[in-house]
Amino acid sequence: MLLFYLFFILQLSLLNVASSSHCTTQTTTQTFQKCMNLPTQEASIAWTYHPYNLTLELVFFGSFISPSGWVGWGINPTTPEMTGTRALIAFPDPNSGQIVLLPYILDPTVKLQKSPLLSRPLDIHLISSTATMYGGKMATVHNGATIQIYSTIKLKPNKTKIHLVWNRGLYVQGYSPTIHPTTSNDLSSIATFDVLSGSSAPEHKDLRTLRMVHGTINAISWGIMLPMGAIIARYLRHIEALGPAWFYAHAGMQLLAFTLGTVGFGIGIQLGQLSPGVEYGLHRKLGIAVFCLGALQTLALLFRPNTTNKFRKYWKSYHHFVGYSCVVLGLVNVFQGFEVMGASRSYVKLSYCLALSTLVGVCIALEVNSWVVFCRKSKEENMRREGLIGSSDKGNSGSHN
């Protein structure tokens, strides 16, 4: 029941995030023909294309994430990626505080952060550009403040499909915008669309769906089911009335968790192939480590010695070490996944934390009960040795581990 609840909350929260923005063709100064929601940062665009003279009038709607931050958008003439983008970036002037809009070319050195990003003229036919804060001249830049960046561009003949790139950052050093955050949303702020038909490439919607499925499956498998399997093994194996049932429940839960986790791992690999230039070093390394530990733990079942085998104790030590390492790293990577998806303060993460807190509460209750039973049995054993109580037959049943 807990898994179904978590799955429902995760899906509902992610769908709410995905449908939170709405585009408009109306501004205070101009009306456009078409508009489109962009897949990240609650950004959108509106535009009018004039085929007779190949001019594109476009307005980008974005929002600041810091009073000293920046917001920008641009066009990459060749490929859908940041490197090579011709951008217009708006930020408060460090001297006057008024909004300034400057052109930048994002060459490969920008990604490597070898030198400050300096403004320079664009090599595309930019006719005009301006930036306006929502609220006019009296508006101030703050976290969440919205801005409209207008531009008129002349496109090349038979080139109506453009690669749009946008982003926002926390700081500006002088007139040099600093690097933007590196969450999944920030690294995926790219869209390809046709200004004539208004259609966008379907791959971005597919990527969002894959990310949602990847995150949901891995949160449930590595982040919930795997710890549940460990809880079953630790606390139910001592209940003599269950017999070997606890072992089958433990093995079944872990195998199901690993199977689902393998699916999520495969989707993660596919996401990496569909997102060239987007790298999540720590999340990727943790994911590979967790998957390898899970595979080793599963293969260990094939080499499980009998209870009378002299190597049984070494197998148990290996089984415990690898198992608990897999659980801990899996939990860490689930939270790391929330970070790269930009959901570190979302209801999605809150829902997962509530589910995890429930498991922790169950663990504490079972741990206390185990210690009470252990202390009671130790006291009875001591009294039996001292002859204070008579010996009684104790039913012994073989246990699996």
In nm, what is the difference between 0.36 nm times the number of residues separating Lys161 and Leu359 and their Cα-Cα distance?
66.2 nm
Search the structure for amide H atoms under 5 Å from the amide H of Thr85, placed 1.01 Å from N in the peptide plane, and list their residues when 5 or more places away or on another chain.
Leu106
Just to confirm my numbers, what's the Cα centroid distance between region 320-341 and region 44-79 in Å?
39
Give me the accessible area of Asp107, 1.4 Å probe, in Å² rounded to the nearest 10.
50
For the chain, give me every cysteine whose Cβ has no other Cys Cβ within less than 4.7 Å, ordered by residue number.
Cys292, Cys326, Cys353, Cys363, Cys375
Once neighbouring chains are kept in place and the probe is 1.4 Å, which whole percent of the accessible area of region 221-302 is contributed by carbon and sulfur?
71
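Dividing the Cα convex hull volume of the chain by residue count, how many Å³ per residue is that?
186
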Quick query: amide H of Ala145 versus all other amide H atoms, modeled in the peptide plane; which residues come in under 5 Å with a sequence gap of 5 or more or a different chain?
Phe64
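Where Rh denotes the Kirkwood radius from the mean inverse Cα pair distance, what is Rg over Rh for region 26-194?
My calculation of the ratio gives 0.93.
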What distance in nm separates the two pseudo spin-label positions at Arg304 and Lys379, each 7 Å out from Cα along the beta-carbon direction?
3.5
Place the peptides 77-89, 221-233 in order of packing, highest mean first, counting for every residue the other Cβ atoms within 10 Å and averaging per peptide.
221-233, 77-89
For region 261-360, which trypsin sites (Lys or Arg not before Pro) are both in a DSSP coil and crowded by at most 15 other Cβ atoms within 10 Å?
Lys310, Arg345
Can you pull the three principal axis extents for the Cα set of region 205-386, in Å, largest first?
72, 36, 25
Cross-link list Lys34/Lys156; Lys316/Lys349; Lys285/Lys310; Lys313/Lys379: which exceed 29 angstrom alpha carbon to alpha carbon?
Lys316/Lys349; Lys285/Lys310
Solvent-accessible area per residue for the chain (1.4 angstrom probe, square angstrom):
56
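Dipole size in debye (nearest 20) for region 205-386 around its Cα centre, Lys and Arg Cβ +1, Asp and Glu Cβ -1?
So the dipole magnitude of region 205-386 works out to roughly 340 debye.
Net charge within 11 Å of Val165 by Cβ-Cβ distance, Lys/Arg positive one each and Asp/Glu negative one each, not counting Val165 itself? Walk me through the numbers before you get to the answer.
Details: positive: Arg86; negative: Glu81.
So the surrounding residues net to 0.
The values are calculated or read from the model by the stated rules, or taken from the named source; none is laboratory data. For clarity, every value in this text was computed on a predicted model and none was experimentally measured. No Cβ is skipped: glycine too gets one built from the backbone with ideal geometry, and neighbour counts run over all protein chains shown. Accessible surface areas use protein heavy atoms only, side chains included; no ligands, DNA or RNA. Shrake-Rupley method; radii C 1.70, N 1.55, O 1.52, S 1.80 Å.
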